[in-house]
1. Show that you can apply the helix-only estimate: for the chain, add -39,500 (n - 2.57) for every DSSP H stretch of four or more residues, divide by all residues, and state [θ] at 222 nm to the nearest 500.
2. Explain nothing, just the number: relative contact order of the chain, from Cα pairs under 8 Å at least 6 residues apart, as a whole percent.
3. Using the Karplus curve 6.51 cos²θ - 1.76 cosθ + 1.60 with θ = phi - 60°, what ³J(HN,Hα) values do you get for each residue of segment 172-180, in whole Hz, with x for Gly and Pro?
4. Could you rank the peptides 98-104, 32-38, 50-56, 111-117 by their average count of other C-beta atoms within 10 Å per residue, with the highest value first?
5. For the residue pair Ser97 and Ser184, what label-to-label distance in nm results when each label sits 7 Å from Cα along the Cα-to-beta-carbon direction?
6. What is the packing order of peptides 157-165, 16-24, taking the mean over residues of other C-beta atoms within 10 Å and listing the highest first?
7. If I model a spin label at Ala7 and Arg32 as a point 7 Å from the Cα along the Cα→Cβ vector, what separation in nanometres do I get?
8. Would you mind computing, in nm to one decimal, how far apart the modelled labels at His271 and Asp48 are, each placed 7 Å from Cα along Cα→Cβ?
Amino acid sequence: MSAVQCAIRSPIALLIFNRPEETSRVFAEIRRARPDRLLVVADGPRPDRPGEAECCAAARKITEAVDWPCQVDRNYSPTNLGCRRRVSSGLSWVFESVSEAIILEDDCLPHPGFFDYCDVLLARYRETPEVFSICGTNLLRRHPRPSESYYFSRYPMIWGWATWRRVWSGYDVDIKSWPELRDSGWPARILGSTDVAAFFSAQFESIRAGTSDTWDTQLLFASMQASGLSILPSTNLISNIGFGRAATHTTVNDHPLASQPLEDPDRPLRHPSAVIRDEARDQILEQKFYLNPPKNSFSKRVVRKLRCLLSGGY
């Protein structure tokens, strides 16, 4: 991996909880990137989990080792809010403070080039309203690479990503407009495939019913409402190191997406000539990771979480 040569201009938001070992590895890459501004969001311990308060404190302490010129802001919850409320409220706090940010969870280990990739694309698409997010995860590594350094997708992948305040302002953690859109036949109109529409409709129903403690399905909902496109890289820039018993959702160690190898990004980036969705690659994503997810020793909970936009192991 080649080293980052200069400090990253874009603010970095780091979301942490109770895993000091993973936090240490991710923070080491942030320290290497030397951002001008760092925003740390932390959830509090659960009272019924012995030793968790100490783990949360240890993870927070790791992020205090800032030894480069950097403005650091912290948003620590004294109590446990859970994944849905802590991440959504934490990112709302982030975008009250900054107009754009690179976002990492404590289990999303970035390639050093991920930060510059985000820096360049945040600036390039800052005023392009249809571009919704910049993602670091490539789930189609075994498929032929696009000729450009990235492509546009309907699906935001939040294992290492970046976005703007203009996008987050349309986010609603409770997706209050879902019942009206559902009854109007909106999912089938925008998704085309009845199977895909039925699948995501079930995810949105679980959010409205309050049975899913997640925040990322709501991000997909916001993107679909806005007809947004997310940038997905042609090489994999994020490795999820959070699979295992300590995770809340991704609890299986031998999952095929666990700790995927990191790959060098193109330098300089080769940009697509137009902002157009790659429908063929989106169809592959739908078939492989939503309608027919990889099979191994999954628990039903892991399958459900992977289908809910492949969020991190918080």
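1. -10500 deg cm²/dmol
2. 21
3. The phi angles translate into 10, 5, 9, 5, 4, 7, 4, x, 5 Hz.
4. 111-117, 98-104, 32-38, 50-56
5. Result: 3.6 nm between the two label points.
6. So the peptides 157-165, 16-24, ranked by packing, come out 157-165, 16-24.
7. 2.0
8. Reported label-point gap for His271 and Asp48 is 5.2 nm.
Every number in this text was worked out from the coordinates using simple rules, so none of it is lab data. This structure is a prediction, so every number in the text was calculated from the model and none was measured. FYI the Cβ positions are ideal-geometry reconstructions off the backbone, even for glycines, and counts take in every protein chain you see.
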